[in-house]
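J.: Dumping the structure here so I can ask a few things about it.
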Amino acid sequence: MDIFHYDPASMLSLLLTLMRVSIVMFMLPIFSTNNIPVQVKAAATLVLTLGIWPYLSFNAAYMPAHPFDVGIMILGELVMGLVLGMAVNFLFMGIQSGGELLGFQMGFTMIHFADPLSGNQTGASSFFLWMVSSLVFLTLDGHLYMIKGFAGSFALIPPGELFLGRLVLDQVLSLSAQVFILALQIAAPVMVALFLVEVTLALMARTSPQVHIMEFGFPLKIIVGFFFLGLLMSIMSERIAEFIQGMDALFGNLLRAMSPPKL
């Protein structure tokens, strides 16, 4: 007699769901930062799995019997998580690239911080823009849109049936090109303002050689840079809001491109 009503099919279905949530979910931005303790990530994974399992669970028939096939399945989940994570990371990478350009123009190249997203060293202006963009992203419920888009993978891509073709590569390359466009859109207004400051300082140096341009120009560039950087916040928030609104379509296109072709 089965006292606990143990159902092997249900346990395998829960295991498949937990596998995708634990691998893919926390390869996405915000959730994958090193600032979140591993215990918190594990607890969030378990809670999220138990929350979506009754509605979006996989069939137990997808669980392979051979360990090699299980490894192939895990590798496919990793690749899918990388693709979905890169799609959102390109937004933050574009903002950080624009911040690096601003820091170079403002004279902040010697000041660096540890980037929580990648663990690398980044400039002060880039780190500041990353913090602001992350707060705006969370305030506009961008993390919930990521979860919603990730939930669509349960219907489109069964375990072990990830398909990588030219369409996925074209979409990823198209998204990567947006990094440089976004960086220029963020940095261009401030760079133009700082260029005009440089021209003004050059004219002052020609007309008044007794003025110490280096001592006067360095704080002036910082003041002008921060002034236009404050004006840039509204533009950047609009860009992030547009990205979040299109995240459903972005994830949908990527998941359909990675879904197995219909014969």
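The values are calculated or read from the model by the stated rules, or taken from the named source; none is laboratory data. For clarity, every value in this text was computed on a predicted model and none was experimentally measured. We place every Cβ from the backbone using ideal geometry, glycine too, and count neighbours over all the protein chains shown.
J.: If a residue must be part of a helix (DSSP H, G or I) and either over 22 Å from I74 (Cβ atoms) or modelled with pLDDT under 80 (or both), how many such residues does the stretch 149-168 contain?
T.: 2
J.: Limited to the stretch 145-187, what total is found for residues that are buried (at least 19 other Cβ atoms within 10 Å of the Cβ) and either among the hydroxyl-bearing types (S, T, Y) or free of Cβ contacts under 8 Å to residues at least 12 places away in the same chain (or both)?
T.: Number of matching residues: 2.
J.: Just checking, does the stretch 1-13 include any residue being among the β-branched types (V, I, T) and under 23 Å from L82 (Cα atoms)?
T.: No - not one qualifying residue is present in the stretch 1-13.
J.: Can you pull out every residue in the stretch 129-148 that is among the aromatic types (F, W, Y) and within 13 Å of F243 (Cβ to Cβ)?
T.: Those that are among the aromatic types (F, W, Y) and within 13 Å of F243 (Cβ to Cβ): F137, Y145.
J.: Additional query: Could you pull out the residue among G81, G51 that is within 30 Å of F128 (Cβ to Cβ) and either assigned to a helix (DSSP H, G or I) or under 20 Å from the mean Cα position of the chain (by Cα) (or both)?
T.: Matching residue, one of G81, G51: G81.
J.: Considering only the stretch 6-19, I want to know if a residue exists there that is part of a helix (DSSP H, G or I), free of Cβ contacts under 8 Å to residues at least 12 places away in the same chain, in contact with a Pro (Cβ under 8 Å, 6 or more places away or on another chain) and under 21 Å from F163 (Cα atoms).
T.: Checking the stretch 6-19: not a single residue is part of a helix (DSSP H, G or I), free of Cβ contacts under 8 Å to residues at least 12 places away in the same chain, in contact with a Pro (Cβ under 8 Å, 6 or more places away or on another chain) and under 21 Å from F163 (Cα atoms).
J.: Which one of L250, L220 is part of a helix (DSSP H, G or I) and in contact (Cβ under 8 Å) with a residue 60 or more places away in the chain?
T.: Sole residue among the options that is part of a helix (DSSP H, G or I) and in contact (Cβ under 8 Å) with a residue 60 or more places away in the chain: L250.
J.: Looking at F243, F195, can you tell me which residue is at pLDDT 80 or above, surrounded by 11 or more Cβ atoms within 10 Å (Cβ to Cβ) and closer than 16 Å to F90 by Cβ?
T.: Being at pLDDT 80 or above, surrounded by 11 or more Cβ atoms within 10 Å (Cβ to Cβ) and closer than 16 Å to F90 by Cβ holds for just one of F243, F195, which is F243.
J.: Pick out the one residue from V70, V88 that is of a type outside the set (D, E), out of contact with any helix residue (DSSP H, G or I) (no Cβ under 6 Å at 6 or more places or on another chain), under 30 Å from G123 (Cα atoms) and in a helix (DSSP H, G or I).
T.: V88
J.: Which of (1) buried (at least 16 other Cβ atoms within 10 Å of the Cβ); (2) on the phi < 0 side of the Ramachandran plot; (3) under 19 Å from the mean Cα position of the chain (by Cα) is the odd one out, the single condition N35 does not satisfy?
T.: (1)
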